[in-house]
Amino acid sequence: MLRWSSSPRRRSSRIETTARSIPGLCAAVTGVLAAWLVHLAIPAVPLLTAAVVLGIVVGQLPQLREILDGRLGPGIRLSSRTLMRAGIVLLGLKLSLTDIAELGWVSILAIVALVVATFLGTWGLGRIMRLPGDQPLLIAAGFSICGASAIGAMGAATRGKPADQATPVALVTLCGTLAIAVLPALQGPLGLSNEHFGHWVGASVHDVGQVVATAQTAGSAALATAVVVKLTRVLMLAPMVTTASAVLRHREVVDPRRVSESVTPPVIPIFVLGFLAAVLLNSFLPIPEPALRVADLAQTMLLAAALFALGTSVRVGQLLRTGWRALVVGFASWLLIAALALLTVGL
């Protein structure tokens, strides 16, 4: 009797939650449309980068902060969490195990070592600089794997608050945007061929869109190499997120004071399993090209909406006043991965 009487209440609660989320979802969609217009006007600016930057700009407007935290809050939080996870699942359809295998085992192992070394180095520096909360973990994921997408994935796996992701997202956006201008200027002085330059870009730049924007300056050969190397780094998202989730779960079990059924992360998050399933699907089944194009568009739109929502949580004034340590960690990590990636180019 109680079970039947509570079911309508649960359904009503879900409907009410969905209704409260609609204004914030509409705001995120509006942000994506604005970012798309920016990308059309300035093609060198990747859509996802434009979405994050616009979100940050909106979050600085005093007259909008109250509504972002109030009426738009539920939809903004839904965008930064659920839409991010859905976009990461579809990101797996960009990956093919065949394309990755063509790099050769030496290059693959070098990329894996690069990701692990950058992750551990950034995480360790974040701890040394005493960054608060999960910031060391999130910055390490963003700089070593795939930028804001990795930050969202790691934050979702560890059940962190979207607000905790704001500073890491701002840092990878800043450094990734700088890479679009800085790395092409260094190709000549470093004596890199177009293919070697593409490998360096794919191994060191954060988001996929930023990789494309940077590598295309050296032509199609550089772009093709950069994308394959970058997507190999993206594949590391699954084991790194799963490992972090398992470590956090073990820590909560060891320390009873940290145990909370509502926040204990699963060993393998469901969206990570979805990401791996998408990779295998694209590797072993002949997916029609039109379907892949639709999935690619959907993935881009979902991640753009999520990143716009995350951007609205950034408070630049507070970051400049209290976040100088995070800035140090971010720039140090950027230099670290660029230097280590350059060492792997010859491999």
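The values are calculated or read from the model by the stated rules, or taken from the named source; none is laboratory data. This is a predicted model, so every value here is computed, not measured. Neighbour counts are summed over all protein chains in view; Cβ atoms, including those assigned to glycine, are modelled from backbone coordinates with ideal geometry.
Values as computed for the structure displayed
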| read-out | value |
| --- | --- |
| When residues of the stretch 62-117 are limited to those that are of a type in the set (Asp, Glu) and part of a helix (DSSP H, G or I), the one farthest from MET240 (Cα to Cα) | GLU66 |
| Meets criteria (without any contact (Cβ under 8 Å) to a residue 60 or more places away in the chain, part of a helix (DSSP H, G or I), out of contact with any Gly (no Cβ under 6 Å at 6 or more places or on another chain) and within 21 Å of ALA332 (Cβ to Cβ)) for VAL201 | yes |
| Every residue from the stretch 76-86 that is small (Gly, Ala, Ser) and either surrounded by fewer than 20 Cβ atoms within 10 Å (Cβ to Cβ) or over 12 Å from PHE308 (Cα atoms) (or both) | ALA86 |
| Only listed residue being part of a helix (DSSP H, G or I), of a type in the set (D, E, K, R), modelled with pLDDT of 90 or more and surrounded by 15 or more Cβ atoms within 10 Å (Cβ to Cβ), chosen from GLU195, GLU252 | GLU195 |
| Count of residues meeting criterion [at positive phi and either surrounded by 24 or more Cβ atoms within 10 Å (Cβ to Cβ) or not in a loop (DSSP other than H, G, I, E, B) (or both)] in the stretch 118-174 | 1 |
| Criterion violated by ALA181 - all others in (1) on the phi < 0 side of the Ramachandran plot; (2) modelled with pLDDT under 90; (3) touching a helix residue (DSSP H, G or I) at 6+ places or on another chain (Cβ under 6 Å) satisfied | (3) |
| Enumeration of residues in the stretch 285-339 that are within 18 Å of the chain's Cα centre (by Cα) and part of a loop (DSSP other than H, G, I, E, B) | THR312, SER313, VAL314 |
| Among (1) under 22 Å from the mean Cα position of the chain (by Cα); (2) of a type in the set (Gly, Ala, Ser); (3) not in a helix (DSSP H, G or I), the one test that GLY346 misses | (1) |
| Qualifying residue in the stretch 259-278 (condition: assigned to a helix (DSSP H, G or I), modelled with pLDDT of 90 or more and buried (at least 19 other Cβ atoms within 10 Å of the Cβ)) | yes |
| Residue match in the stretch 87-103 (condition: surrounded by 22 or more Cβ atoms within 10 Å (Cβ to Cβ), more than 18 Å from ALA309 (Cβ to Cβ), among the hydroxyl-bearing types (Ser, Thr, Tyr) and at pLDDT 85 or above) | no |
| Residue tally, condition surrounded by 16 or more Cβ atoms within 10 Å (Cβ to Cβ) and in contact (Cβ under 8 Å) with a residue 40 or more places away in the chain, over the stretch 37-49 | 5 |
| Residues of the stretch 206-239 classified as under 18 Å from ILE100 (Cβ atoms) and not in a helix (DSSP H, G or I), total | 1 |
| Criterion: assigned to a helix (DSSP H, G or I), out of contact with any helix residue (DSSP H, G or I) (no Cβ under 6 Å at 6 or more places or on another chain), under 25 Å from ILE180 (Cβ atoms) and not basic (Lys, Arg) - qualifying residue of VAL38, VAL57 | VAL57 |
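Here's the yes/no breakdown for (1) buried (at least 16 other Cβ atoms within 10 Å of the Cβ); (2) over 21 Å from ASP69 (Cα atoms):
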{"position": "ALA295", "(1), (2)": "yes, yes"}
{"position": "MET301", "(1), (2)": "yes, yes"}
{"position": "ALA305", "(1), (2)": "yes, no"}
{"position": "VAL314", "(1), (2)": "yes, no"}
{"position": "LEU335", "(1), (2)": "no, yes"}
{"position": "THR344", "(1), (2)": "yes, yes"}
